[in-house]
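The values are calculated or read from the model by the stated rules, or taken from the named source; none is laboratory data. For clarity, every value in this text was computed on a predicted model and none was experimentally measured. Cβ sites come from the backbone with ideal geometry, for glycine too, and all protein chains shown count toward neighbours. Just so you know, the surface numbers come from the protein's heavy atoms only, side chains and all, with ligands and any DNA or RNA stripped out. Shrake-Rupley method; radii C 1.70, N 1.55, O 1.52, S 1.80 Å.
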Amino acid sequence: MATVADRKEKKSGRLPLILWGLFAIACVVALIFVGDLARYQEAGLTRESQAALRDVNEPAQLDQALRQRPANRILKLVALANEKSAEIDAAARKLLDDAEPAALAKAVDLTAAGRSDLDALRRDIKTADGNVAALKPRMAALVKTGRDELESGARALGVESGTISRFMKGVDEQLAETAALASKRLAVRSEYYGAFEKCAALLVREFGTYKVTNGQFIFRIQPTADSYNAASTAMAAAKKKLAELEDEKAALKQSQLTRWKNFVGG
């Protein structure tokens, strides 16, 4: 038979359990409230972001629109991606420029080149081609580092995980396009150097037997002229491709702007 004291002990034993239960319920309610508040705030930021980018139709207008609302976390994400894209592009360009010896950075007049000039030119071309071939892993590392920094920066802003996931999806698409363009640049540079080296090698081999008339090479036999013309045409084609890649880069920036406008649209 239970005594009064026993019943009191049972009641006192249940009290901490009841308090813990109430505390747990309060925590759940608080988490739901915080989650709802975060979603409400995120929705407000999204609406503000949409308004900020509504009239932005050119990549050059994006920076100005982002600067007008520096506290908006959604726009900060877009700003991060935009800045990192420009940073990666500038770094990739520097790698390409540094790969080329200074002598090749300026126009070379082959018709006025002496034998020693041609020999030096061939060495520079081979150096440049080797340097460009070694850039591929460095370009890949540049893109990977950029992605890691973007993800870290995005998480530091404290936006919702779903927003970060959508953001990183856009980042991966953008970086894949950037990497593909960089790969094309490397390939075309290699084509250019290969054709250039053929021109220089032929001139070294035929040095002293050809003439220059009105800026044109005159070779002893037609097959030699045909070989030189083919290499020269390949050089010109590669230069044209490099110019076209600049147009492709501009189109890429426009498509990336569309991607980020879609991102802020939810």
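If you check A154 against the conditions, is it of a type outside the set (D, E) and open to solvent by 60 Å² or more (accessible area, probe 1.4 Å)? Judged against the criteria, A154 is not a match. What about V78, is it surrounded by 13 or more Cβ atoms within 10 Å (Cβ to Cβ) and part of a loop (DSSP other than H, G, I, E, B)? Considered against the rule, which asks whether it is surrounded by 13 or more Cβ atoms within 10 Å (Cβ to Cβ) and part of a loop (DSSP other than H, G, I, E, B), V78 comes out as no.
Going by the structure shown, is E197 open to solvent by 50 Å² or more (accessible area, probe 1.4 Å), among the acidic types (D, E), at negative phi and touching a helix residue (DSSP H, G or I) at 6+ places or on another chain (Cβ under 6 Å)?
Numbers: open to solvent by 50 Å² or more (accessible area, probe 1.4 Å): no; among the acidic types (D, E): yes; at negative phi: yes; touching a helix residue (DSSP H, G or I) at 6+ places or on another chain (Cβ under 6 Å): yes.
Against the criterion (open to solvent by 50 Å² or more (accessible area, probe 1.4 Å), among the acidic types (D, E), at negative phi and touching a helix residue (DSSP H, G or I) at 6+ places or on another chain (Cβ under 6 Å)), E197 does not qualify.
Kindly establish whether G158 is outside any helix (DSSP H, G or I), at pLDDT below 95 and farther than 30 Å from E100 by Cα. Judged against the criteria, G158 is a match. Give me the pairs: first residue in the range 112-126 and without any contact (Cβ under 8 Å) to a residue 60 or more places away in the chain and outside any loop (DSSP other than H, G, I, E, B), second residue open to solvent by less than 60 Å² (accessible area, probe 1.4 Å) and among the small types (G, A, S), beta-carbon distance under 8 Å, and six or more apart or on different chains, which are they? Within 8 Å, the pairs are A120/A103; D124/A103.
Residues checked against (1) within 17 Å of L118 (Cα to Cα); (2) assigned to a helix (DSSP H, G or I); (3) under 39 Å from the mean Cα position of the chain (by Cα):
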{"residue": "Y192", "(1), (2), (3)": "yes, yes, yes"}
{"residue": "F196", "(1), (2), (3)": "yes, yes, yes"}
{"residue": "P223", "(1), (2), (3)": "no, yes, no"}
{"residue": "K241", "(1), (2), (3)": "no, yes, yes"}
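Table: residues versus (1) of a type in the set (V, I, T); (2) over 30 Å from E83 (Cα atoms); (3) open to solvent by less than 60 Å² (accessible area, probe 1.4 Å).
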| residue | (1), (2), (3) |
| --- | --- |
| V143 | yes, no, yes |
| V171 | yes, no, yes |
| R189 | no, no, yes |
| Y193 | no, yes, yes |
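For first residues located in the range 253-266 and among the acidic types (D, E), partners that are in a helix (DSSP H, G or I) and at pLDDT below 90 and lie 6+ apart or on another chain with Cβ distances below 7 Å do not occur.
The rows are residues; the columns are (1) more than 20 Å from L186 (Cα to Cα); (2) of a type in the set (A, V, I, L, M, F, W, C).
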{"position": "D129", "(1), (2)": "no, no"}
{"position": "A140", "(1), (2)": "no, yes"}
{"position": "G153", "(1), (2)": "yes, no"}
{"position": "I164", "(1), (2)": "yes, yes"}
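The residues on offer are T233, T209, and the sole one that is in a helix (DSSP H, G or I) and of a type in the set (V, I, T) is T233. Among the aromatic types (F, W, Y), touching a residue at least 40 places away in the same chain (Cβ under 8 Å) and on the phi < 0 side of the Ramachandran plot: is that true of F219 in this structure? The answer is no for F219. Quickly run through the range 237-261 and pick out the residues that are over 30 Å from G170 (Cα atoms) and open to solvent by less than 60 Å² (accessible area, probe 1.4 Å). Across the range 237-261, the qualifying residues are A237, A238.
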